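Remarks on the structure that follows.
The values are calculated or read from the model by the stated rules, or taken from the named source; none is laboratory data. Since the model is a prediction, treat every value here as computed from it, not as a measurement. Don't worry about glycine lacking a Cβ; one is built from the backbone with ideal geometry, like all the others, and counts go over all protein chains shown.
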């Protein structure tokens with residue numbers, strides 16, 4: 001298989017890339033690592049006139065932890081998986097990265113590319129929703145920040161405009177002890193998730209001050225399980241409270257039956273993973289010395 | 001458009017359409033056919049090459065994307081008639097049956113041992129998890145990588161002991 005013909009540019013700066021995007025608009029497609037776009041090009045689901053390869057742009061890669069957290073959009077999955085700066089409150093990042101595709105794809109694919117691809121089976125979308133991350137995007141007009149919960153619109157559809165490029169992901173400092181977990185069920189390495197669940201909690205004493213829950217592969221986009229989050233906020237996370245949140249999260253899932261399982265099965269995996277993820281995340285938050 | 005890269009230590013270039021995949025550039029333009037096309041859908045790892053020392057799937061890279069970078073293919077493993085430790089390991093432990101996945105497996109093993117000279121069995125299995133062996137010969141592939149790890153450790157402990165076996169040297 002090979003893609004339909006396209007023009008290719010590899011701009012030397014973000015400004016040059018944004019200029020090309022402004023000029024070519026919808027007929028151009030931005031490529032970072034290419035691990036989502038190239039398969040689409042090969043299958044000819046995507047036939048852009050121009051591919052703008054931002055993969056080697058300087059300054060858009062790396063993890064900065066300074067109370068809050070900043071991750072450059074071109075940071076590869078493998079760099080997140082192995083980052084020494086992403087323990088403690090941010091354990092969910094290496095834990096989720098470890099489950100993405102396979103080790104070879106993780107050597108090339110980027111967090112920003114994956115988020116902008118907005119596959120409902122994508123892992124980072126759920127992590128962004130659970131962490132209530134801010135997505136920083138640039139256009140020739142300037143910078144704007146899109147909250148993760150406003151970003152994902154539907155399958156492969158986001159609120160990113162055609163002249164914008166995602167440059168970094170920002171997550172605010174956790175105010176209290178925080179912990180997270182990512183649980184994923186897949187038939188084999190590299191398969192799309194059957195179900196995955198991202199959970200992030202913050203503790204204030206014995207009570208949950210904030211809970212974030214993102215669901216992967218159980219709807220037309222990554223789903224933020226808002227009712228489940230509310231059921232945890234301000235409460236002591238007893239087994240009964242956790243079970244109720246898990247039930248609410250399963251209710252927010254809208255899976256379709258496919259070769260990976262029935263809708264009922266997938267909803268129940270959501271329930272189990274929310275329960276399991278909350279217990280892991282709470283244990284990690286209790287250990288944290290933030 | 002013009003593309004230039006370093007393949008197995010040799011500067012190579014071509015004038016190609018941007019849509020040419022790296023695996024096709026290697027096989028068709030450079031006639032280096034050790035890099036295989038298996039699934040052609042980023043699943044199997046038969047097309048694995050090392051990009052600046054790290055394994056990637058060359059069916060899911062454009063040749064123009066690796067402009068100016070270092071590529072290693074299976075053809076770059078042996079030094080003349082001397083097999084690399086990984087190749088010697090696959091030879092000694094019968095790490096291949098049909099051989100189709102072998103270039104990818106050996107390159108993943110090579111990169112793993114560079115990063116982690118003494119991997120556990122689980123670490124080896126995780127490292128090769130993006131590479132599929134249709135003969136299901138995983139047991140011997142793992143043993144082959146373990147063999148290479150031991151050979152590398154011994155070579156470092158007693159320099160200048162040879163790291164690999166000579167081709168055909170039984």
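Worth pointing out:
- Residue under evaluation residue A:85, criteria (1) touching a strand residue (DSSP E or B) at 6+ places or on another chain (Cβ under 6 Å); (2) over 30 Å from residue A:176 (Cβ atoms); (3) not in a strand (DSSP E or B), criterion not met: (2)
- Screening B:48, B:35, B:28 for residues that are more than 10 Å from every other protein chain (Cβ to nearest Cβ) and in contact (Cβ under 8 Å) with a residue 40 or more places away in the chain leaves exactly one candidate, B:35.
- Counted residues, the range A:2-45 - those being within 22 Å of residue A:60 (Cβ to Cβ), assigned to a loop (DSSP other than H, G, I, E, B), within 11 Å of chain B (Cβ to nearest Cβ) and in contact with a helix residue (DSSP H, G or I) (Cβ under 6 Å, 6 or more places away or on another chain): 4
- Every residue from the range A:58-103 that is at pLDDT below 95, on the phi > 0 side of the Ramachandran plot and buried (at least 18 other Cβ atoms within 10 Å of the Cβ): A:88
- Whichever residue in the range B:122-150 is surrounded by fewer than 16 Cβ atoms within 10 Å (Cβ to Cβ) and in a helix (DSSP H, G or I) and, among such residues, is nearest to the chain's Cα centre (by Cα): B:125
- Residue check for residue A:149: outside the structural domain of residue A:270 (by TED's automatic domain parsing), in contact with a strand residue (DSSP E or B) (Cβ under 9 Å, 6 or more places away or on another chain) and assigned to a loop (DSSP other than H, G, I, E, B): no
- Failed condition for residue A:173, given (1) under 16 Å from the mean Cα position of the chain (by Cα); (2) modelled with pLDDT under 95: (1)
- Checking residue B:21 against (1) facing another protein chain (nearest Cβ under 10 Å); (2) surrounded by fewer than 21 Cβ atoms within 10 Å (Cβ to Cβ); (3) more than 13 Å from residue B:132 (Cβ to Cβ), the condition it does not meet: (2)
- Residues satisfying the stated conditions in the range B:108-121, i.e. more than 14 Å from the chain's Cα centre (by Cα) and within 13 Å of chain A (Cβ to nearest Cβ): B:115, B:116, B:119
- Where residue A:228 falls short, out of the listed (1) closer than 16 Å to residue A:197 by Cα; (2) surrounded by fewer than 22 Cβ atoms within 10 Å (Cβ to Cβ): (2)
- In the condition set (1) out of contact with any helix residue (DSSP H, G or I) (no Cβ under 6 Å at 6 or more places or on another chain); (2) outside the structural domain of residue B:129 (by TED's automatic domain parsing); (3) surrounded by 16 or more Cβ atoms within 10 Å (Cβ to Cβ), residue B:11 is compliant with all but (3).
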